[in-house]
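K.L.:
Pasting a structure here, questions to come.
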Amino acid sequence: MMNINYLDLAHYVLQFVSFYFLCYSFYWMMTLFIGSFYKEPETSTHPQKDRWLVVLPAYAPNSTFFEVLKSIRDHQPPNFIEMKTYVLFQNTNAKFIDQCYQKMDFLCNHKSFHNRDGNSYVHALKFICHQITSDNQLKIFDPTHIILLDKDNIIAPDFFYKMSALRGNNYDLIQGKRLPLSQKNGVTSYDQISEALNDMMMRQYRVKMGWLPELSGSGFLVEKKLFIKGVNKLDVNNPGMDKNLLINWLLNFSDIKACFSNTTLLYEEKTDDINVLGAQRTRWFAEQYQTLGTYFSQLFIKGITTFRLEILDYIFALSRPPRSIHLLIVPALLILELALFKTSVFNLLSLLFIVFGVILFLTNQRLWRAAFHVLKMFPSLIISNIKSIMKIGAQTKGNFIHTEREEK
């Protein structure tokens, strides 16, 4: 019989796992390093023939929506740009809609999509695309570009002006930057840090490389044809939207001119409830991994046959472990291997890459104070994220998880 040295076998397995995390620790550091050199393009002459349609899918909006409408009303783009606002109300009573009309004039529909199979938010977006091409008022307006906002996105006073100035460079896609309205506790700070990490790793880095930035779900302007074609190809069984939409653009277009704007700002109320955060993370994790599972073969074949590193990089990015889990496991692996085998080259390098990347990130984004808030409740956040990952499965397939917060 063959003798098996279980200690050696355990070491090999540990090294394999350690190498996996080493690859992503290096990816962390590399993307943050390259992203730190990103500078927003200089603005150019404002476009003279743009017609913008601001689209607001509003599922069960609350009083914050009044502020959203007010911010749009009070901060219009330059006079030579025509703009209209379209609201798709869902689960909203007539009295609330009348109160919205008192804030500003807009086009709207009121419809429910919960009786349809699949992701209700994707169905809502597909309905909006249908309205853009079939509704008489929208056909007459004939928008050139769509700006997608969430029901809780309050735009900065110069939001539309910045978009207009960047449009002078003929960008087909401009992704704005989302910031929190306030910082209440460690949960809010964690959400803020996650968004800022995505900005540097998935937007600034990718645009610096000449690629499409990952969408943040709202706050972006896009050419109408791209919006309609992308949305109409969305998979209704996907639990999210933004990664799904970006992948369809990657698979079907190769000449989209895009940028990420650090100065085109919109503000949203970040959750301070760890239970709401858990539901949000379930949706995000499900979208990441289920989207990867759905599109992996198409993306891989497209990336290899067209030699597009942009696509292969995105596959690698979607395959990454959750960052909070990554931060926990790497030091744990280092301690375990040092205790058992007295050596740990992979894990030591991995930890060094992470430390360098985190210091660079927190310094670049000026988020040291937020990081200290997160540290106070990091164990609770890790447990919450693990629970969120465990909920991925049948309940998330084709189900958009709404994360509604109670008004206080």
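K.L.:
Could you please let me know if residue 68 is open to solvent by less than 10 Å² (accessible area, probe 1.4 Å), hydrophobic (A, V, I, L, M, F, W, C) and in a helix (DSSP H, G or I)?
P.N.:
yes
K.L.:
If you go through region 364-408 one residue at a time, how many are at pLDDT below 80 and touching a Phe, Trp or Tyr at 6+ places or on another chain (Cβ under 8 Å)?
P.N.:
The qualifying residues number 5.
K.L.:
Would you check if there is a residue in region 142-160 being surrounded by fewer than 16 Cβ atoms within 10 Å (Cβ to Cβ) and over 19 Å from residue 69 (Cα atoms)?
P.N.:
Within region 142-160, one or more residues are surrounded by fewer than 16 Cβ atoms within 10 Å (Cβ to Cβ) and over 19 Å from residue 69 (Cα atoms).
K.L.:
Looking at region 242-259, which of the residues that are of a type outside the set (S, T, N, Q) and open to solvent by 10 Å² or more (accessible area, probe 1.4 Å) is nearest to residue 316 (Cα to Cα)?
P.N.:
243
K.L.:
Which of the residues spanning region 141-196 are touching a strand residue (DSSP E or B) at 6+ places or on another chain (Cβ under 8 Å) and at positive phi?
P.N.:
Passing the criteria: only 142.
K.L.:
Also, quick follow-up: Pairs under 6 Å by beta carbon, first residue hydrophobic (A, V, I, L, M, F, W, C) in region 296-311, partner open to solvent by 60 Å² or more (accessible area, probe 1.4 Å), six or more apart or different chains?
P.N.:
From residues that are hydrophobic (A, V, I, L, M, F, W, C), the pairs are 311/302.
K.L.:
Follow-up question, since we're still on this one. Do we have residue 166 as part of a helix (DSSP H, G or I) and either open to solvent by 10 Å² or more (accessible area, probe 1.4 Å) or not hydrophobic (A, V, I, L, M, F, W, C) (or both) here?
P.N.:
no
K.L.:
Among 55, 17, which is over 19 Å from residue 257 (Cβ atoms) and in the same structural domain as residue 257 (by the TED database)?
P.N.:
It is 55.
K.L.:
Residue 107 - would you say it is open to solvent by 30 Å² or more (accessible area, probe 1.4 Å), assigned by the TED database to the domain that holds residue 245 and touching a helix residue (DSSP H, G or I) at 6+ places or on another chain (Cβ under 7 Å)?
P.N.:
Answer is yes for this residue.
The values are calculated or read from the model by the stated rules, or taken from the named source; none is laboratory data. What you see is a predicted model, and the numbers here were worked out from it, not measured in a lab. Every residue, glycine as well, gets a Cβ built from its backbone with ideal geometry; the counts of neighbours run over all protein chains shown. The accessibility values were calculated without ligands, DNA or RNA, using every heavy atom of the protein model including side chains. Shrake-Rupley method; radii C 1.70, N 1.55, O 1.52, S 1.80 Å.
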